[in-house]
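This report concerns only the one structure given below.
The values are calculated or read from the model by the stated rules, or taken from the named source; none is laboratory data. All values derive from a computational prediction rather than experimental measurement. Note that each Cβ is placed from the backbone with ideal geometry, even for glycine, and that neighbours are counted across all protein chains shown. Protein only, heavy atoms only, side chains kept; ligands, DNA and RNA dropped before computing areas. Shrake-Rupley method; radii C 1.70, N 1.55, O 1.52, S 1.80 Å.
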Amino acid sequence: MKVLVVEDEKRIASFIKKGLEELGFVVDCSAEGNEAYALATTQQYDAIVLDIMLPGRDGLSILQQLRKQANAVPVLLLTARSELGERIEGLNLGADDYMTKPFYVEELAARLHALARRVSGERLSILQAGELTVNLITREVKLGETPLRLTVREFNLLEYLMRSPGRVLTRTQILEHVWGYDFDIETNLIDVHIQRMRKKLGQEAAACIETVRGVGYRFVRP
């Protein structure tokens, strides 16, 4: 998942970013409301973790404006434990969930996964294609009963492709979603990771990842 974390307290933002990245998330951070709003409206995110109290534009006004624009990206609010009124207002404005500080990053990750499943309509936390199964919660990949060892980046790449079977994903889309920051579009970074991943998946599963020459890649079910 690619997540935008909007938090002006550097210690908390660093804690969230480090914890989520260790769990395989791609994380962008912003400490200022206007910058955060610009990112939320120009970049594609699977979810936004949004503090209410921010310099510049506050979190609730960001949320309100996103919903007015019919932007349905899941938003999880961060609030102080005592601010019940803000939590209620946020939920009424279209927030999908909230957490009070302090919190465990493992719970935050679980809630973000739940929001993503709810939005996509997925009832299960497992992606499957033939003998290949990917558990999004435990981050286990198996070919039949045989576990496969993928790196964090390889797992995120496989998940991104499997979530959109049949859809051609451009190199730019893959770089932005899986790596989370800008690269030279001519880099062979994606191709190297695809090649390594295909070797680990075996012939039948590897054949599901098709190269679309000059464009990118797509995942096709066996």
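How much of the DSSP beta bridge set in the chain is antiparallel, as a percent to the nearest 5?
For the chain, the DSSP antiparallel bridge percentage is about 45.
Per residue, how much space in cubic angstrom lies within the convex hull of the C-alpha atoms of the range 126-180?
Normalising the Cα hull of the range 126-180 by residue number yields 76 Å³.
Figure the gain on full extension for Ser125 and Leu143 (residue separation times 0.36 nm, minus the Cα-Cα span) and round it to one decimal in nm.
4.8 nm
Once the Cα atoms of the chain are picked out, what are the Rg and Dmax in Å?
Looking at the chain, its Cα Rg and Dmax stand at 18.4, 56 Å.
How large is the helix-only mean residue ellipticity at 222 nm for the chain, computed as the sum of -39500 (n - 2.57) over DSSP H runs with n ≥ 4, divided by its residue count, in deg cm²/dmol to the nearest 500? Write out the running numbers ahead of the final one.
Values: 9 runs with 91 residues, N = 222.
So the calculated ellipticity at 222 nm is -12000 deg cm²/dmol.
Using a cut-off of 22 Å between alpha-carbon atoms, which lysines can reach Lys200, once sequence neighbours fewer than 8 places away in the same chain are excluded?
Partners within reach: Lys142.
How long are the semi-axes of the equivalent ellipsoid of the range 1-124, taking √(5λ) for every eigenvalue λ of the Cα gyration tensor, in whole Å from largest down? Walk me through the intermediate numbers first.
Working: eigenvalues 68, 58, 46 Å².
Each semi-axis is the square root of five times an eigenvalue, giving 18, 17, 15 Å.
Return a whole-number percent for the relative contact order of the range 74-121, with Cα pairs under 8 Å and 6 or more residues apart as the contact set.
43
Between Leu91 and Gln69, what FRET efficiency comes out of the Förster formula 1/(1 + (r/R0)^6) with R0 = 22 Å and r the beta carbon distance, rounded to 0.05?
0.70
Positive end of the charge dipole of the range 1-52 (Lys, Arg +1 and Asp, Glu -1 on Cβ, about the Cα centre): tell me which of Gln44, Ala31, Gly19 has its Cα farthest that way.
With unit charges placed on the Cβ atoms, the residue in question is Gly19.
Express the accessible area of the range 69-222 per residue in Å², computed with a 1.4 Å probe while the remaining protein chains stay in the model.
56
Which shape class, rounded, prolate or oblate, goes with the range 4-46 when its Cα gyration tensor gives a ≥ b ≥ c as root eigenvalues, a/c under 1.5 marks rounded, and past that a/b bigger than b/c marks prolate?
Oblate is the answer for the range 4-46, as a/c is 1.5 or above yet b/c matches or exceeds a/b.
Among the lysines, select those whose C-alpha is under 24 Å from the C-alpha of Lys10, and discard any that sit fewer than 8 residues away in the same chain.
Cross-link targets: Lys2, Lys18, Lys101.
Using the Karplus curve 6.51 cos²θ - 1.76 cosθ + 1.60 with θ = phi - 60°, work out ³J(HN,Hα) for each residue of the range 59-75 in order, rounded to whole Hz, and write x for Gly and Pro.
So the Karplus estimates, Gly and Pro as x, are x, 5, 6, 4, 4, 4, 5, 4, 5, 5, 8, 6, 7, 9, 3, x, 10 Hz.
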